[in-house]
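Undergrad: The structure under discussion is supplied below as structure tokens; questions concerning it will follow.
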Amino acid sequence: MSNIKSSKKHAIQSKKNNQFNKSRKSLLRTLIKKVDIAIIQKNKILAQESWKILQPILDRFATKKIIHKNKASRCKSRLYLKIKKIP
């Protein structure tokens, strides 16, 4: 731990932000799994509904730099193509 007041404050903020981002990433992984499960079950309607929930969240997290913008784009692209292939 540092001795400088601003450095101490930064360490506390960093810890708080880390915890917040960790919960957001967990939420994101859960939503991606829901879409994947619907794809595996070949349930196109459920996959599309889950996709509609997931897509704006991916964009929001990329904007707030919780995840990288390329990761969000790659994830959206891959899931959308999988949903499209469901008969």
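Undergrad: Could you grab me the full set of residues in the range 33-49 that are small (Gly, Ala, Ser) and closer than 16 Å to Ser77 by Cβ?
TA: Hit for the range 33-49 is Ala47, nothing else.
Undergrad: Return the total of residues in the range 68-82 being surrounded by fewer than 17 Cβ atoms within 10 Å (Cβ to Cβ) and closer than 30 Å to Asn17 by Cα.
TA: Going through the range 68-82 one residue at a time, the tally reaches 9.
Undergrad: Would you please list the contacts, defined by Cβ atoms under 6 Å and residues six or more apart or on different chains, that run from a residue in the range 40-66 that is loosely packed, with under 14 Cβ neighbours inside 10 Å to a residue that is in a loop (DSSP other than H, G, I, E, B)?
TA: These pairs meet every condition: Lys42/Ile86.
Residues checked against (1) acidic (Asp, Glu); (2) assigned to a helix (DSSP H, G or I); (3) exposed (fewer than 11 other Cβ atoms within 10 Å of the Cβ):
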{"position": "Asn3", "(1), (2), (3)": "no, no, yes"}
{"position": "Ser6", "(1), (2), (3)": "no, yes, yes"}
{"position": "Ile12", "(1), (2), (3)": "no, yes, yes"}
{"position": "Lys16", "(1), (2), (3)": "no, yes, yes"}
{"position": "Lys25", "(1), (2), (3)": "no, yes, no"}
{"position": "Arg29", "(1), (2), (3)": "no, yes, yes"}
{"position": "Lys33", "(1), (2), (3)": "no, yes, no"}
{"position": "Asp36", "(1), (2), (3)": "yes, yes, no"}
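Any read-out appearing in this document is the output of simple, stated calculations on the displayed coordinates, not a laboratory observation. Nothing here was measured: the structure is a model prediction, and the numbers come from that model. Positions of Cβ are generated from backbone atoms using ideal geometry, with glycine treated the same way; all protein chains shown enter the neighbour counts.
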